[in-house]
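The values are calculated or read from the model by the stated rules, or taken from the named source; none is laboratory data. From a predicted model like this one, the values you see are computed outputs, not experimental measurements. Here the Cβ is made from the backbone with ideal geometry for all residues, glycine too, and neighbour counts use every protein chain on show.
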Amino acid sequence: MTLLNIKEIGIDFGGIRALDQVTLSVEKGEVFSIIGPNGAGKTTLFNVISGVYRPHRGSILLDGTEITGVTPWRLARAGLSRSFQNLQIFGRMSVLDNVMVGRHRHENRNMLAHLFTLPSVLAQNRISRELAQHYLSYVGLDIDARRSAAGLSYGELKRMEIARALATEPRILLLDEPAAGCNPTETDALCAVIRKIADDGITVVLIEHDMKLVVQISDRIHVLNQGRTLAQGKGAEVMSRPEVMTAYLGEHGTREMLRA
Amino acid sequence: MNALSRLEPRFRILLGLAILMAALPLVIDNAFYLRIAALVYIFALATLGLNLLMGFAGLVSLGHAGFVGIGAYTMAVGPTHLGWSSWTALVAGPALAGALAWLVGRPILKLRGHYFAVATLGLGLLISMVLNNETAWTGGPDGMTVPRLSAFGWTLRGATPWYWTSAGVLLIGAWVATNLIGSPTGRALRAIHDSDTGAGVLGVNVAQYKLAVFVLSAVFAAIAGAMLALFHGHITPESAGFMRSVEFATMAVLGGLGSILGSVVGTAILVILPQALVVFHEYEHVLLGLLMMVFMIFLRAGIVPSIMTRLGRSEL
Amino acid sequence: MTSAIQFTFSGLTMGAIYALVAIGFVLIYNASSVVNFAQGEFVMLGGMLAVTFVGLGLPLPLACLASIALTTLVGLLLYLLAIRPAGDASVVSLIIITIGASIFIRGVAGVLLGKGIHQMPDFLTWQGLNIAGASLGSQSLLVLIGTSAIVLALWFFLARTLLGKAIVATASDRLGAQLAGISTSLVIALCFVVSAAIGAIGGLLITPIGLTSYDFGAALAVKGFTAAVLGGLGNPLGAIVGGLTLGLLEAWSAGYISSLYKDAIAFIVLLAVLVLMPNGLMGRSSVERV
């Protein structure tokens, strides 16, 4: 069953067509990867899907409902969440607080109650705190969560962002280069986490450069180049197509690769 | 001891503040000093409101005194021109300020950084201008008299009653602020401060929260303004002026953005210093400007957070 | 008809000053992302110092040069002592610092130069022009000509000289400029110096017309910023358009509506522009990279 439907998305920045005629669909429960050389428009596509940018052309459907141009916070409450390539952490808050913000959608948001710390607020805080701890363990971040988030390493922060996005209990999770800054051990751990997330029924859309991870974890792979769809398929087969190799390595590099 | 340690740090500070407020009159018996303390508490409430806006949501306002002025002038205009009782005016002022903040806030809160700051600057200046020019209503540059607050034959006047009134109101305000910080709303605000975008994708309706805290800060300011008017028995447009807005911003920053205790400390310094340096009235601007620059360069986090960091503690 | 032309003349004259302040804002903002709230004080100092020096017996040309030189020095010191030490402080900090600086400068001026109103006679004894019954004083002409000269000189400086191009490069892409060997610190210092000089010239040109006092700079800063935002913050040409537009709006509303709220026009325009056209008349919208 198709959860996410992206039809002929196009967006321009100045005179440049950052995305043009991009079409793809993501099935419920699958792990879908978007790859492509730098500048292909992958993060731009994520920004369009998650409502950070409004596309100039095309439409996006989530579970049959039109979500093109819907604001990020509404999308989050509809079950779509994401992590960021350049990190959008709350640097002056603790790790625990960062993840607790992820619970916002499910918390009692009655501001009047908040002004007077009624018992319901205390109970709410306790629940959010426990769940936040749960999600931190889920992604394998077993550190003192009361530490300031700013003190964590880049790899740890990426995992914190995932925990934070998971805390929103999304139906579909967009991960933007989660393995960036991870060593091979961390990448394997991440692979296991993504596997766990997918097994738990959450649809995952992934942007990644680490090809080993991509081939290992993905059900399907979509290749973008210069804002347009280049190829789509399964596993290593997509990677070895000449046009994909050319996009990454150039003509000369591709010839070298094929000869090797 | 067990009950005390179960309280979260920020509530402990609140308790400490309450104890300090209760103990101070025992130390300073003098009516003059009690009046200064009352003035500090009154201004601190406005600073606290501004701190919620600047320190938690990260929005710099250079027009905060405008809302103070609205609260203050309602206490004068209401009874004098509209026949209201002072109690009605006491509710109307903050309500008016909140309504204005809600109205103006929706468009200008879409602005970021410097732009928002200058928009609030413009707003504050407009309010101040109206108060200055509409002489028939506001008494113009010379201001207006403010009738005292009374109930059941008792009138609120005098150093000691004002000390306890202002202390009580500030304490309630601080308690409300402390509650807010530890709540989901508080977390949302702090998240917005660090990353609008990050907060948004987690389901935080950024615009709504910015508006809420803007309105709340305006209400705090107006309540402080109302008390100011009642306290002095007289009000002038200067209380809503640009310099006053700048002073509030400085008090908030000096004491430490994001620190409730800091709001009180920062206010105390800026209220007491001119009194202490009454000799230096000539150099008021020079010293204020110098203070602002030096602190923002060398003690950027503000007094209270800097001390807290030294002690290895955090107020939150 | 006569009054309309008269209002237009006075509007253009003040507008030229607003444009100079706005250009100063834009120059500094482009290179350093700092909104220099002390910009108005440069104009104030230009006028106040010139009056003081004339009062001390200096001939007018020398007094003007001295005032420009001293104000330029203040601008440089502002950068070296207040802005640069702040490093990459937050927006909040920088706003407080530049406001603090403006208050400080104002305070010192008030103490050293006196808190009264200062005045200077017109530079030229010539009466000026009379066009369709409206008079365009010689000082106003000087303001308009002076402003045009400054704008042209600035254009030439930025487009044709090495230092000017360094400024443009830094404004465009700071890291790139640094990698090309351009010292950001030097560029920003230069921007402060040039902005201060421009402000000072505007100040001494307008003093015969508009009087000056130690707290003249505050409202001017707000109006100058309004003009800059109106033109699209970051665009020097926009700053000029914005300044002249604001000046005209002010003059016409003072003439036809109410002179009490003359100053209010600037603030209303500011709020309207910020809300309706955040990119100003000539700016381009920018997208935040996430």
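What the table shows:
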item: Hey, B:V201 free of Cβ contacts under 8 Å to residues at least 12 places away in the same chain, in contact with a strand residue (DSSP E or B) (Cβ under 9 Å, 6 or more places away or on another chain) and at the interface with chain A (Cβ under 9 Å from one of its Cβ atoms) or not; result: yes
item: Residue identified as surrounded by 22 or more Cβ atoms within 10 Å (Cβ to Cβ), of a type in the set (F, W, Y), farther than 19 Å from B:G168 by Cβ and within 14 Å of chain C (Cβ to nearest Cβ) among B:F67, B:F116; result: B:F116
item: Of all residues in the range C:211-241 being part of a helix (DSSP H, G or I) and more than 12 Å from the chain's Cα centre (by Cα), the one that is modelled with the lowest pLDDT; result: C:F216
item: Set C:G57, C:G24, C:G75, C:G11: member being without any contact (Cβ under 8 Å) to a residue 60 or more places away in the chain and farther than 30 Å from B:A57 by Cβ; result: C:G57
item: Scope the range C:114-145; condition crowded, with 19+ Cβ neighbours inside 10 Å and either out of contact with any Pro (no Cβ under 6 Å at 6 or more places or on another chain) or in a loop (DSSP other than H, G, I, E, B) (or both); matching residues; result: C:H118, C:M120, C:L136, C:G137, C:S140, C:L142, C:V143
item: Which listed residue, of C:L49, C:L78, C:L12, is modelled with pLDDT of 90 or more and closer than 17 Å to C:F123 by Cβ; result: C:L49
item: Matching residues, the range C:213-226, being within 12 Å of chain B (Cβ to nearest Cβ) and hydrophobic (A, V, I, L, M, F, W, C); result: C:A218, C:A219, C:A221, C:V222, C:F225
item: Test: residue in the range A:220-237 that is within 28 Å of A:G58 (Cβ to Cβ), hydroxyl-bearing (S, T, Y) and outside any strand (DSSP E or B); result: no
item: Search result, residues across the range B:221-276 that are outside any helix (DSSP H, G or I) and either farther than 16 Å from B:L39 by Cβ or in contact with a Cys (Cβ under 7 Å, 6 or more places away or on another chain) (or both); result: B:G241, B:G256, B:L257, B:G258, B:S259
item: Criterion (touching an Asp or Glu at 6+ places or on another chain (Cβ under 7 Å) and among the hydrophobic types (A, V, I, L, M, F, W, C)) met by exactly one of B:M129, B:M144; result: B:M129
item: Residue count, the range A:87-97 (criterion: assigned to a helix (DSSP H, G or I) and within 8 Å of chain B (Cβ to nearest Cβ)); result: 1
item: Given (1) under 22 Å from the mean Cα position of the chain (by Cα); (2) crowded, with 21+ Cβ neighbours inside 10 Å; (3) over 18 Å from B:M293 (Cβ atoms), index of the condition C:A177 fails; result: (1)
item: The lone exception for B:L103 - which of (1) in contact (Cβ under 8 Å) with a residue 24 or more places away in the chain; (2) within 14 Å of chain C (Cβ to nearest Cβ); (3) assigned to a helix (DSSP H, G or I) it fails; result: (1)
item: Of all residues in the range B:125-142 being assigned to a helix (DSSP H, G or I) and not hydrophobic (A, V, I, L, M, F, W, C), the one that is surrounded by the fewest Cβ atoms within 10 Å (Cβ to Cβ); result: B:D142
item: Qualifying residue in the range A:145-159 (condition: closer than 30 Å to A:G181 by Cα, part of a loop (DSSP other than H, G, I, E, B) and hydroxyl-bearing (S, T, Y)); result: yes
item: Residue tally, condition at pLDDT below 90 and part of a helix (DSSP H, G or I), over the range B:180-189; result: 1
item: B:S183 being surrounded by fewer than 21 Cβ atoms within 10 Å (Cβ to Cβ) and hydroxyl-bearing (S, T, Y); result: no
item: Filtered residues of the range C:51-109 (kept if part of a loop (DSSP other than H, G, I, E, B) and either within 12 Å of another protein chain (Cβ to nearest Cβ) or at positive phi (or both)); result: C:G57, C:G87, C:D88, C:A89, C:S90
item: Subset of the range A:52-86 (residues that are of a type in the set (V, I, T) and more than 8 Å from every other protein chain (Cβ to nearest Cβ)); result: A:I60, A:T65, A:I67, A:T68, A:V70
item: Qualifying residue in the range B:79-95 (condition: within 14 Å of another protein chain (Cβ to nearest Cβ) and hydrophobic (A, V, I, L, M, F, W, C)); result: no
item: Those residues of the range A:98-145 which are touching a residue at least 60 places away in the same chain (Cβ under 8 Å), surrounded by fewer than 21 Cβ atoms within 10 Å (Cβ to Cβ) and within 7 Å of chain B (Cβ to nearest Cβ), in sequence order; result: A:R105
item: Check on B:I108, crowded, with 19+ Cβ neighbours inside 10 Å and facing another protein chain (nearest Cβ under 9 Å); result: yes
item: Any pair with Cβ under 8 angstrom, 6 or more apart, that starts in the range B:64-91 at a residue that is under 30 Å from B:V253 (Cα atoms) and ends at one that is aromatic (F, W, Y); result: B:H64/B:F248; B:A65/B:F242; B:A65/B:F248; B:V68/B:F248
item: Yes/no for A:V238 being without any contact (Cβ under 8 Å) to a residue 40 or more places away in the chain and crowded, with 16+ Cβ neighbours inside 10 Å; result: yes
item: Of residues in the range A:27-59 being hydroxyl-bearing (S, T, Y) and part of a helix (DSSP H, G or I), the one surrounded by the most Cβ atoms within 10 Å (Cβ to Cβ); result: A:T44
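For (1) in contact with a His (Cβ under 9 Å, 6 or more places away or on another chain); (2) surrounded by fewer than 19 Cβ atoms within 10 Å (Cβ to Cβ); (3) not in a helix (DSSP H, G or I), each residue gets a yes or a no:
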residue: C:A171; (1), (2), (3): no, no, no
residue: C:S185; (1), (2), (3): no, yes, no
residue: C:A189; (1), (2), (3): no, no, no
residue: C:I206; (1), (2), (3): no, no, no
residue: C:S258; (1), (2), (3): no, yes, yes
residue: C:I268; (1), (2), (3): no, yes, no
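Residues checked against (1) touching a helix residue (DSSP H, G or I) at 6+ places or on another chain (Cβ under 7 Å); (2) more than 30 Å from B:H81 (Cβ to Cβ):
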site	(1), (2)
B:L125	yes, no
B:W137	yes, no
B:V146	yes, no
B:G153	no, no
B:P161	no, no
B:A177	yes, yes
B:G198	yes, yes
B:A218	yes, no
B:I223	yes, no
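A quick yes/no check of all residues on (1) over 19 Å from the mean Cα position of the chain (by Cα); (2) farther than 30 Å from A:H104 by Cα; (3) of a type in the set (G, A, S); (4) within 14 Å of chain C (Cβ to nearest Cβ):
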{"site": "B:V206", "(1), (2), (3), (4)": "yes, no, no, yes"}
{"site": "B:S239", "(1), (2), (3), (4)": "no, yes, yes, no"}
{"site": "B:M251", "(1), (2), (3), (4)": "no, yes, no, yes"}
{"site": "B:P274", "(1), (2), (3), (4)": "no, yes, no, yes"}
{"site": "B:G289", "(1), (2), (3), (4)": "yes, yes, yes, yes"}
{"site": "B:T309", "(1), (2), (3), (4)": "yes, no, no, no"}
